[in-house]
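S.K.: Sharing a structure, written as structure tokens. Questions coming.
The values are calculated or read from the model by the stated rules, or taken from the named source; none is laboratory data. Being a predicted model, the structure only gives us computed values, none of them experimental. Please note: Cβ atoms are built from the backbone with ideal geometry, for glycine as well, and neighbour counts cover all protein chains shown. To get the accessible areas, we keep the full protein, side chains included, count just its heavy atoms, and leave off ligands, DNA and RNA. Shrake-Rupley method; radii C 1.70, N 1.55, O 1.52, S 1.80 Å.
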Amino acid sequence: MDSIEIQGGVALKGKVRIAGAKNACLTLMPSALLTDQPLTLTNAPRLSDITTMTRLLTSLGAEVQLLKKGRVIAISAHNVKDVEAHYDIVRKMRASFLVLGPLLARKGRARVSLPGGCAIGARAVDLHLAGLKRLGAEIELENGYVEARCNSKGLVGNRIRFPLRSVGATENLIMAATRARGETVIENPAREPEIVDLVHCLRAMGGEISGEGTGRIHIQGNASLGGATHSVIEDRIEVGTFILAAAITGGSIELERGTSRHVGALVKELQAAGVGIESTDTGLGVSSGRERLKPLSVSTAPYPGFPTDLQAQLMAALAIADGRSEITETIFENRFMHVSELRRMGARIELNGRTARIFGVEQLKGAPVMATDLRASVALVLAGLAAKGKSVVSRVYHLDRGYENIERKLRACGARIRRVSA
Ligand code: UD1
């Protein structure tokens, strides 16, 4: 198993090109199942999660071509025969569950394994299932699989009110309702930019949808969706991670194709902590001096609040801030697994339920640490970049799920980092 070795202490300086958004691409790919016409996605990221989704769509009978070294994904689902998403694939990645809505809408039935994914909490799928039932689906759980079917006339539009904002449930329901008969109204949907991106793509395919990014989405069902070519939005979590890489090392980085439009909550906090963040001609410039960051008090929240996917990285940066910070995780109940590893590097962090108190220390010290999930693993890399001496982050397959060439991008900014194959 690969690990990443870092000799910390270099203030990063250089340029990084931001990739297309993993989470947008992972919902755009299953939307191809809604039509027998080709869907072409450009600006796709090259990640192992995308490979997993490719395998899943292929296993259903779709043709998936990775062109231009994986930057372009061409999907044709004209020949989808199988409606079963197997446990072997779904357990690796929760986003696999996003084939449920499109398969059901197109084929009238679907059999999808209950998902696995990051071990960051219970991550139920009750909202996905309740929403699909409102569209007329009959759903049973059998042997670890969700068995869903609808009658010969297909799904029927309805009003759905989510009790809490779920990104995946909103995506599954938008996709299913786009091909249902009649109108669907989704109240209290998630508003993440990846959902807005999905709607833009579905609209290009002929979907009649409005209200994306607001508290109410209207969908006028349309049985005949066509093909489209769509460019995936930039990865806001990669943008935020590199902003924090500059902040934690006291460096300055330019993020090509990066914008602050989807990371407003992070930018506001970091500017208050003393980090300079400004738009440039080609992207976003971040500069952080030798001064320690000021402490912060942050709670994660659905978009446009502070993203849970940047919580671990922020904690790494606050571990060396000048004073006591507080982070409350409100989205996932078990997303503090990086805390014990950061402590091994000298961080002083106290946990009390969903709140972490971080007592900033002057310097972290390199140590062997273990990645436990995708965002925790990158937080440990950031901590290693700032720490004195050598850190070794093991189990980096988590990193490869969501960050394209991260060690190469960091090395281009002067980081002393390398991948070691076991
Ligand atoms: C997506 C993102 C993930 C991000 C998360 C929150 C993708 C591929 N993944 O995950 O990176 O961390 O949004 O921004 O886009 N919940 C239920 N019942 C459900 C569904 C969700 O109780 O049926 C709960 C979850 O347990 C969690 C909360 O709702 O506590 C938010 O989860 P959700 O927004 O659904 O996250 P994902 O779509 O899985």
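S.K.: Let me know the charge dipole size of the chain about its Cα centre in debye, to the nearest 20, where only the beta-carbon of Lys, Arg (+1) and Asp, Glu (-1) is charged. Present the calculation step by step, with values, prior to reporting the outcome.
M.R.: Numbers: 56 positive and 42 negative charges, 115 e Å.
With Lys and Arg at +1 and Asp and Glu at -1, about 560 debye.
S.K.: Where the centroid of each part is defined by its Cα atoms, how far is region 1-45 from region 164-230 in Å?
M.R.: Their Cα centres are 22 Å away from one another.
S.K.: In nm, to one decimal, how far is the modelled label at R257 from the one at K365, with both set 7 Å along Cα→Cβ?
M.R.: Reported label-point gap for R257 and K365 is 4.2 nm.
S.K.: At q = 0.10, 0.11 Å⁻¹, what log₁₀ I(q)/I(0) does the chain have when each alpha carbon counts as one equal point scatterer in the Debye sum?
M.R.: -0.67, -0.80
S.K.: Say each of S299 and D126 gets a label point 7 Å from the Cα, pointing the same way as Cα to Cβ; how far apart are those two points in nm?
M.R.: 2.2 nm
S.K.: Another question, then. Toward the positive end of the charge dipole of the chain, about the Cα centre and with charges on Cβ (Lys, Arg +1; Asp, Glu -1), which of L104, L284, A371 goes farthest?
M.R.: Farthest towards the positive end: A371.
S.K.: In straight Cα distance, which lysines are under 18 Å from K133, not counting same-chain residues fewer than 8 positions off?
M.R.: Within the straight-line limit of under 18 Å, K133 reaches these lysines: K107, K153.
S.K.: Scan around A190 for amide H atoms under 5 Å from its own, H built in the peptide plane at 1.01 Å from N, and keep only partners 5 or more places away or cross-chain.
M.R.: Residues meeting the amide H criterion: S166, T170.
S.K.: Using a probe of 1.4 angstrom, how much of the accessible area of the chain is carbon and sulfur, in percent? Before the final figure, lay out each step's value.
M.R.: Working: 7740 of 16600 Å².
Its accessible area is 47 percent carbon and sulfur atoms.
S.K.: At 1.4 Å probe size, with no ligands or nucleic acids counted, give the accessible surface of R401 in Å², nearest ten.
M.R.: Result for R401: roughly 40 Å² accessible.
S.K.: Within 13 Å, Cβ to Cβ, of V156, how many net charges do the neighbouring residues add up to if Lys/Arg are +1 and Asp/Glu are -1? Each step should come with its number before you reach the end.
M.R.: Numbers: positive: K133, R134, K153, R159, R179, R181; negative: E138, E183.
Charge balance in the 13 Å sphere: +4.
S.K.: What percent do you get for the relative contact order of region 17-172 when only Cα pairs under 8 Å and 6+ apart count? Don't jump to the answer; show the numbers that get you there.
M.R.: On the way: 274 pairs, mean separation 30.1, N = 156.
Here the relative contact order equals 19 percent.
S.K.: Further question: Taking 0.36 nm per residue of separation and subtracting the Cα-Cα distance, what length does fully extending D2 through K69 add? Could the numbers behind the result be given before it?
M.R.: On the way: separation 67, 0.36 × 67 = 24.12 nm, distance 2.28 nm.
Going from the current span to full extension adds 21.8 nm.
S.K.: While we're here: Given a 1.4 angstrom probe, what's the average accessible area per residue across the chain, in square angstrom? Kindly include the intermediate steps, with their values, before the conclusion.
M.R.: Numbers: 16600 Å² over 422 residues.
In whole numbers, the chain has 39 Å² accessible per residue.
S.K.: How big is the charge dipole of region 92-184 about its Cα centre, in debye rounded to the nearest 20, if each Lys and Arg gets +1 on its Cβ and each Asp and Glu gets -1 on its Cβ?
M.R.: Numbers: 16 positive and 7 negative charges, 52 e Å.
That gives region 92-184 a dipole magnitude of about 260 debye.
S.K.: Past 27 Å, Cα to Cα: identify those pairs from K22/K68; K69/K388; K92/K268; K15/K69; K13/K388, in the order given.
M.R.: Numbers: K22/K68 17 Å; K69/K388 37 Å; K92/K268 35 Å; K15/K69 21 Å; K13/K388 18 Å.
Check vs 27 Å cut-off fails for K69/K388; K92/K268.
S.K.: Could I ask something else about it? Would you mind calculating the relative contact order of region 217-296 from Cα pairs under 8 angstrom and at least 6 residues apart, reporting the percent as a whole number? Spell out each step's value before the answer.
M.R.: On the way: 95 pairs, mean separation 23.9, N = 80.
Once divided by the residue count of region 217-296, the mean separation gives 30 percent.
S.K.: Let me ask something additional. Rg/Rh for region 1-86 to two decimals, with Rh computed the Kirkwood way over all alpha-carbon pairs. Display every interim value, and only then the final one.
M.R.: Values: Rg = 16.6 Å, Rh = 14.6 Å.
The Rg/Rh ratio comes out at 1.13.
S.K.: While we're here: Show me 82-94, 56-68 ranked by packing, highest mean number of other Cβ atoms within 10 Å first. Could you put the intermediate results ahead of the total?
M.R.: Details: 82-94: 18.7, 56-68: 16.8.
So the peptides 82-94, 56-68, ranked by packing, come out 82-94, 56-68.
S.K.: OK, next. I'd like the distance between the alpha-carbon centres of region 290-329 and region 358-422, rounded to an integer number of Å.
M.R.: Centre-to-centre distance over Cα atoms comes out at 18 Å.
S.K.: Compute for region 162-242: radius of gyration divided by Kirkwood radius, i.e. Rg/Rh, restricted to C-alpha atoms, rounded to two decimals. Present the calculation step by step, with values, prior to reporting the outcome.
M.R.: Details: Rg = 13.0 Å, Rh = 13.1 Å.
The Rg/Rh ratio comes out at 0.99.
S.K.: With an 8 Å cut-off on Cα pairs and a minimum separation of 6 or more residues, tell me the relative contact order of region 117-209 in percent.
M.R.: Details: 111 pairs, mean separation 23.9, N = 93.
Once normalised by length, the contact order is 26 percent.
S.K.: While we're here: Stretch E291-E142 to full length: gain in nm at 0.36 nm per residue minus the Cα-Cα span? Provide the component values of the computation, followed by the final result.
M.R.: Numbers: separation 149, 0.36 × 149 = 53.64 nm, distance 5.72 nm.
Computed gain between E291 and E142 is 47.9 nm.
S.K.: I would also like to ask the following. Counting only the heavy atoms of the protein chains, how much of E269 is accessible to a 1.4 Å probe, in Å² to the nearest 10?
M.R.: 40 Å²
S.K.: Determine the calculated [θ] at 222 nm for the chain from helices alone, applying -39500 (n - 2.57) to every DSSP H run no shorter than 4 residues and normalising by the residue count; nearest 500 deg cm²/dmol. Intermediate results must be reported in sequence, preceding the final value.
M.R.: Numbers: 14 runs with 131 residues, N = 422.
Taking each H run of at least 4 residues, the total per residue is -9000 deg cm²/dmol.
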